[in-house]
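Colleague: Encoded as structure tokens, here's the structure I'll be asking about.
Read-outs throughout are calculated quantities, based only on the coordinates presented, and are distinct from any laboratory measurement. Note that the structure is a prediction, hence the values are computed from the model and not measured. Don't worry about glycine lacking a Cβ; one is built from the backbone with ideal geometry, like all the others, and counts go over all protein chains shown.
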């Protein structure tokens, strides 16, 4: 069973993350990610192509509603529907769907329906975003241009969004933007105003995820566009910069009915306390990265320890967790159990016995650390939580999203896609990941002061731990 992208967790319209260094690439999409800076500067929210499509007339809203409701009725693993009277939801909302005059009104009703469940991995993906013919398709709304990136990513720190990392080859770095800077305004719109609209009752990690989604959407656009971004730098001086959007890094790939995404994986070696620690970072679980991960392990097999940095990794194809875990487990241990209405499936590691050159090897047995944060979700939680519970990995960073329901996308009669969970997932100890997430062994939250000093406390802690627990040995 494949789990799909949880980047569509809550506010799908705000998950187009082409403005960050990672995330959804809305190629060929007139969704908010393709809105020009002029559309954002009024501070009233993205407008333009998406709005005109949303006002298109609806032919039979009741039929679309019935299809979506019935899919959940037959596929939800919990026959109590998380304590919700699913029949009553239909009785309440179907008349509103039948009365809907536009696609936008119908989507509001459908979103309200899935929202009644109060669970992650339920969303309505608009047809204009979901129906992408191929990963090579270019944006046709604003010319022959692809989605672009400002070249930096953000995280919530206290009540502000700060720059968590900057691509040293990207446009923001060339403009002088550095980690630790606060993002004050985008396109003339104060970011604090937008963040103040988030539900007041949200717990911290939910607020962190939604604030990141909101900020990422505002920082998005097309390659060649320019965004006016106001920062508060390291000495608390306000700087307004015109940041051009450059090309999105990584390999553009597509899965099922979901929009194209950019997949990135990097690895390098670090010397610490006389040991060599390999560091692998990847931002999504997509098949295109499987061979790259294998190659990274081959390259780092001789290191004393390995650190996997999966901060900001929202998930992807769930089955990949078993293959990746097989690089570190010498038996078919279970990472957890996927519980469906018709039965269960254990996610068992697939121990790797050969390398990419078909030479006999054993799984890496040195110290293993993982770095996570509130933007680590779904398959990332299955992987990190499973290895932690098995005692194979030590986890650093911040509590993960707690959004770990295996899910699939299905097309509705009007062309929109219903993204819905089809199973629950519990870890090796029987503890559900949904709502709970993965608690780090060593909590190391993001810190603006550290970023301004040029340090990364969570990654540094993981590397130090791994090096200290690795026996000293000779390297080839």
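Colleague: Could you tell me whether the stretch 403-476 comes out rounded, prolate or oblate from its Cα gyration tensor? Rule is a ≥ b ≥ c as square roots of the eigenvalues, rounded for a/c under 1.5, then prolate if a/b exceeds b/c, otherwise oblate.
Modeller: It comes out prolate by the Cα gyration axes.
Colleague: While we're here: Per-residue counts of other Cβ atoms within 10 Å, averaged by peptide: what ranking do you get for 354-362, 458-466, 79-87, highest first?
Modeller: 458-466, 79-87, 354-362
Colleague: Okay, next question. How big is the gap, in Å, between the Cα center of the stretch 320-354 and the Cα center of the stretch 185-209?
Modeller: The distance from the Cα centre of the stretch 320-354 to that of the stretch 185-209 comes to 37 Å.
Colleague: While we're looking at this one, here's another question. What order do you get for 215-221, 88-94 when each peptide is scored by the mean count of other beta carbon atoms within 10 Å, highest first?
Modeller: Going from most to least packed, we get 215-221, 88-94.
Colleague: Taking square-rooted eigenvalues a ≥ b ≥ c of the alpha carbon gyration tensor, is the stretch 212-281 rounded, prolate or oblate, where a/c under 1.5 means rounded and, failing that, a/b exceeding b/c means prolate?
Modeller: Verdict is oblate for the stretch 212-281.
Colleague: Now for a separate question. Can you pull the Kirkwood radius for the stretch 341-385, inverse mean 1/r over Cα pairs, to one decimal in Å?
Modeller: After inverting the mean inverse Cα-Cα distance, the result is 13.8 Å.
Colleague: Over the stretch 206-337, consider all pairs of different Cα atoms and compute the Kirkwood hydrodynamic radius from their mean reciprocal separation; express it in Å, one decimal.
Modeller: 17.9
Colleague: Using a 10 Å cut-off on Cβ atoms, rank the peptides 341-350, 169-178 from the highest mean neighbour count down.
Modeller: Put in order of decreasing packing, that is 169-178, 341-350.
Colleague: Under the rule a/c < 1.5 gives rounded, and otherwise a/b versus b/c splits prolate from oblate, where does the stretch 170-257 land using the Cα gyration tensor?
Modeller: oblate
Colleague: Right, something else. Could you work out how much longer the chain between residue 168 and residue 356 gets when fully extended? Use 0.36 nm per residue separation minus the Cα distance between them, nm to one decimal.
Modeller: 64.6 nm
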